[in-house]
Amino acid sequence: MVLSMTGFGRAETVYEGTKITVDIKSLNSKNFDLNVKVPLRYKEKEFDIRKLLNDKILRGKVDCYINCESLEDSNDVKINQELVRNYMKQLRDVGSDAPEFELLKMAVRMPDVLSTKSSELEAAEWNALLNVVQESVARFIEFRQTEGSQLAEEIEKIVQNIEYNLSQVAQYEEERIQPIKDRYQTALKNFENIDETRYYQEMVYFVEKLDISEEKVRLSQHIKYYLEVMKNEDFNGKKLGFIAQEMGREINTLGSKANHSEIQKLVVEMKDDLEKIKEQTLNVL
């Protein structure tokens, strides 16, 4: 099964008046390159988030952005107004004749007047964050699967083009050898005192050097193996790249032995298709 290395996933949730959004996106990369940006409040859980992403995403240049947005008008700082008024009353009772404003300044410095939201990450909030990260990863993987299916269809068509052009080579094989035989026959008639046995041995040796049957068989096998791996193995991008390299070797050898303009044209078409395959294979996980 083909998975695309590029992908995108987004998920969000609301926890106690705070909207948590997680975005994950990836591009092609030979290895796993992860960049995670989390709010300071969740910094202590960055390692756990990284491990989850590493286990699920495997390869690619990955960016994960976690954002928090307060949906409430109030901020995290609370003033205990009743306590402030009580402090001001007690300051007057002890005989302070300071202005009202000065009494307020003294009162707000007293203990427990200001309170803030707990800085400790509670288990419930961490579970909410973990769930939304997992949901974003699930959507990311779904995106990869959809892109991978389209990618597999496109690659398969290109591989079939190579297979078709390879099948067209056979019709020119006898045609490319016959002129060589004719030249040898003509040369044989134009010279005297030639060892015919040795002459024909040399001719057979030369024709065998141009034989392309082995290259055709190996290229056909590589094509079959490529399609099998693409359809039946997971996380097969690197393996498909290696098989494409082997296909390239056979096509190049086929071209060097062609000795025929029409076969050369077919080889050029196969090389062009192979470059497309290599380019697309880079995007396979």
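Figures for the structure shown
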{"quantity": "Filter pass, Thr6 being under 30 Å from Ile277 (Cα atoms) and either of a type in the set (Val, Ile, Thr) or in contact with a helix residue (DSSP H, G or I) (Cβ under 6 Å, 6 or more places away or on another chain) (or both)", "calculated": "yes"}
{"quantity": "Test result for Leu240, in a helix (DSSP H, G or I), in contact with a strand residue (DSSP E or B) (Cβ under 7 Å, 6 or more places away or on another chain), modelled with pLDDT of 80 or more and surrounded by 15 or more Cβ atoms within 10 Å (Cβ to Cβ)", "calculated": "yes"}
{"quantity": "Residues being under 20 Å from Glu147 (Cα atoms) and either in contact with a Phe, Trp or Tyr (Cβ under 9 Å, 6 or more places away or on another chain) or surrounded by 14 or more Cβ atoms within 10 Å (Cβ to Cβ) (or both) - total across the range 1-28", "calculated": "16"}
{"quantity": "Test: residue in the range 241-256 that is of a type in the set (D, E, K, R) and in contact with an Asp or Glu (Cβ under 7 Å, 6 or more places away or on another chain)", "calculated": "yes"}
{"quantity": "One residue from Val132, Val137 being touching a helix residue (DSSP H, G or I) at 6+ places or on another chain (Cβ under 6 Å), more than 30 Å from Val267 (Cα to Cα), of a type outside the set (Lys, Arg) and modelled with pLDDT of 90 or more", "calculated": "Val137"}
{"quantity": "Matching residues in the range 207-237 - criterion: being assigned to a helix (DSSP H, G or I) and farther than 30 Å from Glu147 by Cα", "calculated": "Val207, Glu208, Lys209, Ser213, Glu214, Glu215, Lys216, Val217, Arg218"}
{"quantity": "Residue identified as within 13 Å of Ala152 (Cα to Cα) and at pLDDT 90 or above among Met247, Met230", "calculated": "Met230"}
{"quantity": "Residue pairs meeting the criteria (Cβ under 8 Å; at least 6 apart or on separate chains; first in contact (Cβ under 8 Å) with a residue 24 or more places away in the chain and closer than 18 Å to Gln171 by Cα, in the range 240-258; second surrounded by fewer than 20 Cβ atoms within 10 Å (Cβ to Cβ) and not basic (Lys, Arg))", "calculated": "Lys257/Leu210; Lys257/Asp211; Ala258/Gln264"}
{"quantity": "Breaking point among (1) at pLDDT below 75; (2) within 30 Å of Leu130 (Cα to Cα); (3) of a type in the set (A, V, I, L, M, F, W, C), for Ile49", "calculated": "(1)"}
{"quantity": "Tally, over the range 236-285, of residues that are touching a helix residue (DSSP H, G or I) at 6+ places or on another chain (Cβ under 7 Å) and under 25 Å from Asn31 (Cβ atoms)", "calculated": "19"}
{"quantity": "Breaking point among (1) part of a helix (DSSP H, G or I); (2) modelled with pLDDT under 70; (3) not hydrophobic (A, V, I, L, M, F, W, C), for Glu174", "calculated": "(2)"}
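The values are calculated or read from the model by the stated rules, or taken from the named source; none is laboratory data. Just so it is clear, the model here is predicted, and its values are computed rather than measured. Using ideal geometry, Cβ is built from the backbone for each residue, glycine included, and neighbour counts are taken over all protein chains shown.
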